[in-house]
Each structure stands twice: as C-alpha cells, then as structure tokens.
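> Structure in structure tokens, see below.
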Amino acid sequence: MISFSAWDILIIILFFVSILFIGFYSGRKTNNTADDYLLSGRKLSLLLFVLVNVSTWYGGILGVGEFTYRYGLVSWFTQGFPYYVFALLFAFFFAKKIREASLFTIPDKLTEVYGKKIGLISAVIVFVLVSPAPYLLMTGNLLSLLFGIDIIPALLIALFLSLVYLVKGGFRSNVYVDVFQFFVMFAGFILILIFSGMKFGAVDFLSSAVPQSHLEITGGMSPMFIVVWFLIALWTFADPGFHQRCYAAKSGNTAKWGIIISIFFWALFDFLTTSTGLFAKGVLPELENPVLAFPLFAEQVLPTGVKGIFYAALFATILSTQISFLFLSGTTIGRDFIFRISKYNDESQLKNYTIIGLVISGIVALLLAYFIPSVIEIWYTIGSLFIPGIILPVVSAYYPKLRVLNKIILIEMVMAFMSSTIWYFLRNEISAHSLLIELEPMIVGLFVAIGVHLFGLFLQGKAK
C-alpha cells in the first residue's frame, strides 16, 4: 500500500504548480512567427539542448522499473546501451545536416526530397509514433494511485498539466518546463539510491539478495533477443524529437555536441534507475505487479518529504516526454497536415494551425487513454509496425547517394508496414516451437525495407 503525509502531498502539488508557472512565464515572449513558436527562434543553446534532450528520453519510467525488476542488468544492455551507440552515430552523421536544412519536421525533409505524397505518408507515421497517449495514461494512473481519484479526472488533470502553457508559449515553454523536470528526475533517483545504500548496503546486499542472472549483462537472454533490441534502437535515426531539437539548435555544432553530451547523462540516469530496480528486486522479491516496483520500493526506503520528491521525480520523468510528444504531435497536425492541405500555405498561420493540432492531439490522446487502457502495449506494437518504413527514407533524404526513385520509396514504406503487420499476426501460428518466435515484427519490416531500398539503388546504378 502507498501512504502519504501532508508534506509529501505538498511537495507534489508544488511540483505541479512550478510546471505551470515555468510554462506560462517562459512562454510570455513567444511571438507568432513559425520559427519562434515551433522552434524557439532556432536559438537553443548547448546547455538547454542537453537538458531537454535528456529529460524527454525516459517517459516509460515505470516500464524501466518493471524491466529491471524482471530481468536485471540486461535492461540497461538492451534499453540503454544500443541507444548510446546510435545516438553517437546520429550526432556525427546527421545533426549538422539537419540543422543546416533549417526545416521544421521530418515530413518537411521527405516532402522536399521525395514529394508531397511521401511527405503526407511520413506525417501519418510520425503522428502515430509521437502520440502522447501512453504517457498521458501513465500520468493519469499515477495520479489516480496516489490521490485516490477516478481515472477520468486524473486524465484531465494530466492533459491540463501539459497543454495549457503550450498553447501560448509553444516550444519555448516545452523546453523550460523540461529543463526544470531534468533536475527533479535526477534529484529523486539520486536520493532513493542514497537512502537505499544507507539502509541496505550496496554491492554486498545486491550480490546476495538479487538472482545471479539479474547481475549478468545479458541476463541469460538469447543472442537473438539482444540483436533484436539493438536493431530496434535504429529508430534513433528517425526520432522526431531528435530532429526537432536539431532544427532548433543555435548551430550544427550545438546539435552535434548536445547529443554527445546527452549520452553521458543518459548513462548516469540509467545507472540510477537500474540500481534502484535491482534494490527493489532484492527488497521486494515477490511483487505481483512489477510495474509498481519503483513506487512500492519507495514506500520501503524513503522517509516523509523525500518520498514526495521521489514521486515528483516519477511525474517529471513521464511528463517531460508527454509534453514533448504532445507538442510534436500538435506540430505534425498543424504543419504536416493542415498547412500542407491548405489552399494558401500561409506560414504566418502556422502558430494557429499548431494550436488546433495541440487541441486535436490532446483530445485523441485522452480518448485513447480512456477507452484503451492497454494503449501502451498497443502503442509499442503500432510503433514496431510503422518504424521500419521511415528509417531508410529519412537516412537517404540527408545522403543523396542513398536516394532512390520516389515510387521505390513509396513501395518500401508500404511493404515494410505490410510485412511487419503480417508477421505480427502470423508468427505465433507458424513459429511456436522455433527461434522465429523471438523475431520481432519490426525486424521483419526492417529487412524488407532494406531489401526494397537496395533494389532501388541497383536500379539507379543500372540507369546510369
């Protein structure tokens, strides 16, 4: 059971009030131009780039706790390390090119290179992938759990906490709210790790209380399992948030070094969360619902007041991603749908289009979170089906030697989606007793996309 003192509740309420204040205060200077509203004038400094880039990376924090509780260090090796590798590659091979393009979104670039039809298809993919629904659901469930309120008011509060100041302040409000949440999330997990070490010890306790497999870097998982997660991390190249922040950076070097420095902080936060998950496994070895590993462990180890800070850290970790995804989703509707199908293509109206997009995205996310309470799993599945079709189009858009004909890109996107979808439904039927059961739909789609793209490059070469 989770219990709260008045001090804990006060700290959490102060955290929410701080978010609203920072969101409105930082957005007061935002003007109506597209550059300023969507990308904070393209003047994002190195410090701000790093803080917002780090804070938005961990929206599924309860899932991190569950994964570590169930499997141990392999959580870091599959959910952390591969992303460092591909983020580093992104920094060296894409960050400067994206900044130099001076566009707004991924569909902008694909429209420029492959035409309006591909741009619209990619906008659909991006909209699916940046839906804030799963994070809204997590925030709502946490509010419901902690304050004993029904899910409907909890979801409305969760949406309110991320929408109201974005309407006025745009990306600038998004940035400064996420900067604040960066410090809160680190503070909470540093504190719980300190108190855990003081109460239980560290290395000796974990080595004796946690299953040995939890302390092995591969966790006894099969090589296929590890490879699949590394390939899934390829998604980094087409991450709309990465592209957005690169477009907003002060310079190409700011974007490049911002991502490189972010990797250090990701590794630090992964150390904090993984260690906390291992402590939870050692102290509470028989949890019925490992999703609550972090909250229930906090009940065991944290005193009054500090517990409130830790819960604020959980909210900060989820909300930072929820806010960023809501703004990305609203931008996708405003820029990549309304603006493109408008007769006038008036960039001076992009702020108004984005506000409409924010409202639509918020309502859609609210409905999904309420009517499909397993939306997180559905979101992951849909992501697995859609990601393969967009990675190579994005990569080739920035590297002309990798470009293929527009019709080949269209075939690639469609076939990647269809193959991953077909495999999603068929794999349990045809591979129940083979290693193929571990082959994720995303990997099937990715290999089909690679095959089509290579065929397109072959045709290009023959034409020359």
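The values are calculated or read from the model by the stated rules, or taken from the named source; none is laboratory data. This structure is a prediction, so every number in the text was calculated from the model and none was measured. Cβ atoms come from the backbone with ideal geometry, glycine included; neighbour counts cover every protein chain shown. Just so you know, the surface numbers come from the protein's heavy atoms only, side chains and all, with ligands and any DNA or RNA stripped out. Shrake-Rupley method; radii C 1.70, N 1.55, O 1.52, S 1.80 Å.
> Looking at segment 1-46 only, could you name the residues that are of a type in the set (Asp, Glu) and open to solvent by less than 50 Å² (accessible area, probe 1.4 Å)?
Asp8, Asp36
> Restricting attention to segment 399-433, report how many residues are aromatic (Phe, Trp, Tyr) and exposed (fewer than 14 other Cβ atoms within 10 Å of the Cβ).
Of the residues in that region, 2 qualify.
> Please state which of the following conditions Arg403 fails to meet, knowing it meets all the rest: (1) modelled with pLDDT under 90; (2) under 28 Å from the mean Cα position of the chain (by Cα).
(1)
> Is it true that some residue in segment 141-149 is within 29 Å of Thr381 (Cβ to Cβ), crowded, with 21+ Cβ neighbours inside 10 Å and modelled with pLDDT of 95 or more?
Looking through segment 141-149, none of the residues is within 29 Å of Thr381 (Cβ to Cβ), crowded, with 21+ Cβ neighbours inside 10 Å and modelled with pLDDT of 95 or more.
> List pairs: first in segment 288-312 and within 16 Å of Gly197 (Cβ to Cβ), second in a loop (DSSP other than H, G, I, E, B), Cβ under 6 Å, 6+ apart or cross-chain?
Phe310/Leu302
> Looking at Ala154, Ala158, which is the one that is surrounded by 22 or more Cβ atoms within 10 Å (Cβ to Cβ) and either free of Cβ contacts under 8 Å to residues at least 40 places away in the same chain or among the basic types (Lys, Arg) (or both)?
Ala154 is the lone residue from the list that is surrounded by 22 or more Cβ atoms within 10 Å (Cβ to Cβ) and either free of Cβ contacts under 8 Å to residues at least 40 places away in the same chain or among the basic types (Lys, Arg) (or both).
> All but one of (1) under 20 Å from the mean Cα position of the chain (by Cα); (2) modelled with pLDDT of 95 or more hold for Thr254; which doesn't?
Unmet for Thr254, out of (1) under 20 Å from the mean Cα position of the chain (by Cα); (2) modelled with pLDDT of 95 or more: (1).
> Then there is this: Please go through segment 345-367 and give me each residue that is of a type in the set (D, E, K, R) and either within 16 Å of Phe127 (Cβ to Cβ) or touching a residue at least 12 places away in the same chain (Cβ under 8 Å) (or both), ordered by number.
Within segment 345-367, Glu347, Lys351 meet the criteria.
> Quick check on segment 211-253: of everything there that is of a type outside the set (Gly, Ala, Ser) and part of a loop (DSSP other than H, G, I, E, B), which residue is farthest from Gly41 (Cα to Cα)?
Within segment 211-253, the match that is farthest from Gly41 (Cα to Cα) is Pro211.
> Ser320 passes all but one of (1) over 24 Å from Thr30 (Cβ atoms); (2) modelled with pLDDT of 95 or more; (3) of a type in the set (Gly, Ala, Ser); which number fails?
Among (1) over 24 Å from Thr30 (Cβ atoms); (2) modelled with pLDDT of 95 or more; (3) of a type in the set (Gly, Ala, Ser), Ser320 violates only (1).
> Based on this model, can you work out whether Ile387 counts as at pLDDT 95 or above and within 22 Å of the chain's Cα centre (by Cα)?
no
> Let me ask another. Please state which one of Ser251, Ser262, Ser275 is touching a residue at least 40 places away in the same chain (Cβ under 8 Å), within 30 Å of Phe4 (Cβ to Cβ) and hydroxyl-bearing (Ser, Thr, Tyr).
Exactly one residue qualifies, and that residue is Ser275.
> Filter segment 211-233 for residues that are open to solvent by less than 30 Å² (accessible area, probe 1.4 Å) and either of a type in the set (Gly, Ala, Ser) or at pLDDT below 90 (or both) and give the result.
Once the filter is applied, which keeps residues that are open to solvent by less than 30 Å² (accessible area, probe 1.4 Å) and either of a type in the set (Gly, Ala, Ser) or at pLDDT below 90 (or both), segment 211-233 yields Gly219, Ile226, Val228, Ile232, Ala233.
> So if I check each of Leu326, Leu278, Leu314, Leu358, which one is closer than 17 Å to Gly63 by Cβ, modelled with pLDDT of 95 or more and either under 22 Å from the mean Cα position of the chain (by Cα) or among the small types (Gly, Ala, Ser) (or both)?
Of Leu326, Leu278, Leu314, Leu358, the one residue that is closer than 17 Å to Gly63 by Cβ, modelled with pLDDT of 95 or more and either under 22 Å from the mean Cα position of the chain (by Cα) or among the small types (Gly, Ala, Ser) (or both) is Leu314.
> For segment 47-61, which positions are among the hydrophobic types (A, V, I, L, M, F, W, C), in contact (Cβ under 8 Å) with a residue 24 or more places away in the chain and open to solvent by 20 Å² or more (accessible area, probe 1.4 Å)?
Leu48, Trp57
> Take segment 293-318 and flag every residue that is part of a helix (DSSP H, G or I), among the hydrophobic types (A, V, I, L, M, F, W, C) and over 15 Å from Ile22 (Cβ atoms).
Ala293, Phe294, Leu296, Phe297, Ala298, Val301, Val306, Ile309, Phe310, Ala313, Leu314, Ile318
> Out of segment 164-199, which residues are surrounded by 18 or more Cβ atoms within 10 Å (Cβ to Cβ) and among the small types (Gly, Ala, Ser)?
Within segment 164-199, Gly169, Gly170, Ser173, Gly188, Ser196 qualify.
This table checks each residue for (1) open to solvent by 10 Å² or more (accessible area, probe 1.4 Å); (2) in contact with a Phe, Trp or Tyr (Cβ under 7 Å, 6 or more places away or on another chain); (3) not in a helix (DSSP H, G or I).
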{"residue": "Leu268", "(1), (2), (3)": "yes, no, no"}
{"residue": "Ser320", "(1), (2), (3)": "no, no, no"}
{"residue": "Phe325", "(1), (2), (3)": "yes, yes, no"}
{"residue": "Arg335", "(1), (2), (3)": "yes, yes, no"}
{"residue": "Phe339", "(1), (2), (3)": "yes, yes, no"}
{"residue": "Leu367", "(1), (2), (3)": "yes, no, no"}
{"residue": "Tyr370", "(1), (2), (3)": "yes, no, no"}
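> Let me ask something else about it. Restricting attention to helices (runs of 4 or more DSSP H) lying wholly within segment 31-72, give those where 2 or more residues are over 30 Å from Phe225 (Cα atoms), at pLDDT 95 or above and not aromatic (Phe, Trp, Tyr).
Filter on segment 31-72 gives 34-39, 46-55.
> Could you tell me which of the residues Val74, Val85, Val124 is more than 12 Å from Val394 (Cα to Cα) and open to solvent by less than 30 Å² (accessible area, probe 1.4 Å)?
Answer to the selection: Val74.
> Could you check segment 364-376 and list, in sequence order, the residues that are modelled with pLDDT of 70 or more and either aliphatic (A, V, I, L, M) or closer than 20 Å to Glu66 by Cα (or both)?
Within segment 364-376, Val364, Ala365, Leu366, Leu367, Leu368, Ala369, Ile372, Pro373 meet the criteria.
> With respect to Ser208, determine if the residue is in a helix (DSSP H, G or I), polar (S, T, N, Q), modelled with pLDDT under 95 and surrounded by fewer than 16 Cβ atoms within 10 Å (Cβ to Cβ).
yes
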